[in-house]
Amino acid sequence: MSEATSKPLNFLEQIIKQDLESGKTSKVITRFPPEPNGYLHIGHAKSICLNFGLAETFGGECNLRFDDTNPAKEELEYVNAIKDDVSWLGFHWAGDVRYASSYFDTLYEWALHLIREGKAYVCHLTADEAREHRGWATKPGKDSPYRERSVDENLTEFEKMRAGEYDEGACSLRAKIDMTSSNMNLRDPMLYRIRKQSHHQTGDKWCIYPTYDFAHGQEDAIEGVTHSICTLEFADHRPLYEWFIENLPVPAQPVQYEFARLELNYTVTSKRKLKQLVDEGHVDGWNDPRMPTISGMRRRGYTPASLRNFCDMIGVTKSGSTIDVGQLEFCVRDDLNNCAPRAMCVLDPLKVTIRNMPDAEVQLMTQAVHPNRDEMGSRELPFSRDLYIDRSDFTEDTSLSRKKFKRLVLGEYVRLRGAYVIKADEAVKDEQGNIIEVIASLVEGTVGENPPEGIKPRGVIHWVDANDSLDCEVRLYDRLFNDAAPDAGDKNFLDVLNPDSLKILTGCKAEKSLASAAVEQAYQFEREGYFCLDSKLASADKLVFNQTIGLKDNWANKV
């Protein structure tokens, strides 16, 4: 086990520690087994951090395994995206990537074993008939009329299934367990079904595929998994998991443990609903920065450390609860505040002309890359007669108090970040009465120095040089849903989409240092928030920045 910390062990860590100390386990082997039927989301991040983290903590190994048992919903695109997400989070799987499909031959032989043992049969009930026979939670099921077929007949029928002699839905292979069990999962569950579709790994070799319930426990046994960790909704599946392990000639006896899945407010994590958002064009793909997918958060500018810290903060328990998304946002802000270089970008430019500065003069203002990290160095910003400030940072309303408006007011002073104190002398307007320019004058000797007595700047605002700045597009993101529980009860989650979840600002002006901005490098745009270059839309000819998160939680006053 790695170096101990003062943090108490969660219940899974306690179990593993006891298993190692008792000799029950000599080496910890866990696995992360996603189905490649969509992109990973924040809930998967918790599972990734847990499974890989436990293996790392106790000196073991974690396998990355794709439970690819349903070619109808799986794509190679999802496989590649999942591998990329796990690596981006900073984790490394043991050996090669594994696939359920790699074990299809073995699983098929084990299905034959159950048939020969009289514990599985081919059933020709339709889906509706099988549903009726299954009963309800309070009503026992009834046996299929095909349940008592002979072993030879079942072997023949199963071979016909494999040979493609039956259409999809015509029949299935079911385990013979107990149709009266109070656990619905034990009422003769399906083991194999017909899917006449090509598989992204095995091509057209198979037209029958094992179900997830039949495959995943046996995969654990094949791989020698010691601690099979899954979320609470699989607790009712554990008796079936154990039935398969007990009734098949598996090489190991893994044990399943359940923990509470991650539930975030203002968030939907159902893959079906996320896919609907993509397919219907409500978002710009799986990696839309508003999506709760790992790739979406990555594109938005979230860091691996912030997601890992969040998963560590919320902990691991056996009881479910809904986590405030504000905790995730706190982790992002906290990490970016410590590591993000500073830069200035004016989102809504208003020209300022310094009347007491010569036309051709350009001064260089030196500013720290990060105010608390000297090792990150400094940057030089040009300062000339023509500048831009944000339109919201100027007003003619002299009645506003300094407490309410700590920016530039006509006839008063403000400090430009890292540069001079200036005074707004005049507001130039167009024919419609819109302010198009501010004529100002600088106070000499105020770069890095206090202004003379009697001059009191209202505050500090950011700026960029008008002659040596960069044009850019800035995308402001907000929560995708207005409702804290968008898919609870009978709600249609599409009805509570936030219409203001994306605002696109063009004509923004950024300091010239951002010309070398790199994808996934976060920046704090001073006084605005944290931003990163968009990995999908930005190019050498067009700078597009995504807002990762604001400097403050603007939702705190909304709820």
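Rule-based calculations on the coordinates, nothing more; no lab input. All of these numbers come straight from a predicted model, not from anything done at the bench. Quick reminder, even Gly has a Cβ in these numbers, built from the backbone with ideal geometry, and neighbours come from all protein chains shown.
Would you mind checking the tilt of helix 325-339 against the longest principal axis of the Cα atoms of the chain, expressed as 0 to 90 degrees and rounded to 10?
Long axis of 325-339 versus the principal axis of the chain: about 60 degrees.
Out of all DSSP beta bridges in the chain, what portion is antiparallel? Express it as a percent rounded to 5.
Roughly 65 percent of the DSSP beta bridges within the chain come out antiparallel.
Kirkwood Rh, Cα Rg: Rg to Rh for region 345-462?
The Rg/Rh ratio comes out at 0.97.
In square nanometres, what is the average projected area of the Cα convex hull of region 37-130?
Over every viewing direction, the Cα hull of region 37-130 projects on average to 8.9 nm².
I need the peptides 329-336, 241-248 ranked by packing, meaning the mean over residues of other C-beta atoms within 10 angstrom, with the highest value on top.
The most tightly packed comes first, giving 329-336, 241-248.
If I take all pairs of Cα atoms in region 449-545, what percentage of them are more than 16 Å from each other?
Of all Cα-Cα pairs in region 449-545, 68 percent lie more than 16 Å apart.
As an exercise, use a Förster radius of 30 Å and the Cβ-Cβ distance of THR398 and GLU361 to find the FRET efficiency, rounded to the nearest 0.05.
So the FRET efficiency works out to roughly 0.50.
At R0 = 45 Å, how high is the FRET efficiency between ARG261 and SER198 if r is their beta carbon distance? Nearest 0.05 is fine.
0.90
Can you give the extra length, in nm with one decimal, that the chain gains between ARG417 and LYS17 once fully stretched, where that is 0.36 nm per residue apart less the Cα-Cα distance?
Going from the current span to full extension adds 138.6 nm.
Extent of region 21-261 along each principal axis, from alpha carbon coordinates, in Å, largest to smallest?
52, 40, 32
In vacuo Debye scattering of the chain, one point per C-alpha: log10 I(q)/I(0) at q = 0.08, 0.11, 0.12 Å⁻¹?
Each listed q corresponds, in turn, to -0.68, -1.04, -1.17.
Starting from the amide H of LEU543, placed 1.01 Å from N in the peptide plane, find each other amide H under 5 Å away whose residue is 5 or more places distant or on another chain.
GLU473
So for region 21-261: antiparallel DSSP bridges make up what percent, rounded to the nearest 5?
DSSP beta bridges in region 21-261 are roughly 50 percent antiparallel.
To the nearest 20 debye, what is the magnitude of the charge dipole of the chain about its Cα centre, counting +1 on the Cβ of each Lys and Arg and -1 on the Cβ of each Asp and Glu?
It comes to approximately 940 debye.
From Cα pairs below 8 angstrom and at least 6 apart in sequence, can you work out the relative contact order of the chain, rounded to a whole percent?
11 percent
Name the GluC sites (Glu not before Pro) in region 12-106 that are in a loop by DSSP and that have at most 14 other C-beta atoms within 10 Å, would you?
GLU75
Quick one: in region 196-312, what % of C-alpha pairs are over 19 Å apart?
The share of Cα pairs beyond 19 Å in region 196-312 comes to 65 percent.
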